[in-house]
């Protein structure tokens with residue numbers, strides 16, 4: 001899945017943890033990475049996200065914890 005397709009399917013902006021700050025969404029992608037603005041976990045929609053499901057991801061809170069690869073490396 002390319003970034004353009006992921007951004008179309010992304011539900012980050014609906015998430016209770018999301019904070020609007022003029023940055024890219026689809027934090028689960030390695031090309032986006034963690035948010036510079038989000039500081040507090042307030043609920044996570046990642047498991048229900050079409051991008052999360054299509055990519056077979058298992059982790060959550062990509063906006064704060066980093067992408068799937070980063071989180072797997074930081075076990």
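Some points to look at:
- Restricting attention to segment 43-75, the residues being without any contact (Cβ under 8 Å) to a residue 12 or more places away in the chain, over 15 Å from residue 6 (Cβ atoms) and part of a loop (DSSP other than H, G, I, E, B) number 3.
- Qualifying positions in segment 1-18 - part of a loop (DSSP other than H, G, I, E, B) and either surrounded by 15 or more Cβ atoms within 10 Å (Cβ to Cβ) or in contact with a strand residue (DSSP E or B) (Cβ under 8 Å, 6 or more places away or on another chain) (or both): 10, 11, 15, 17, 18
- Residue selected from segment 19-74 under the condition on the phi > 0 side of the Ramachandran plot and within 9 Å of the chain's Cα centre (by Cα), by the criterion surrounded by the most Cβ atoms within 10 Å (Cβ to Cβ): 26
Computed from the coordinates by the stated procedures, all read-outs in this text should not be read as laboratory data. If you're wondering where the values come from, they're calculated on a predicted model, not measured in any experiment. No Cβ is skipped: glycine too gets one built from the backbone with ideal geometry, and neighbour counts run over all protein chains shown.
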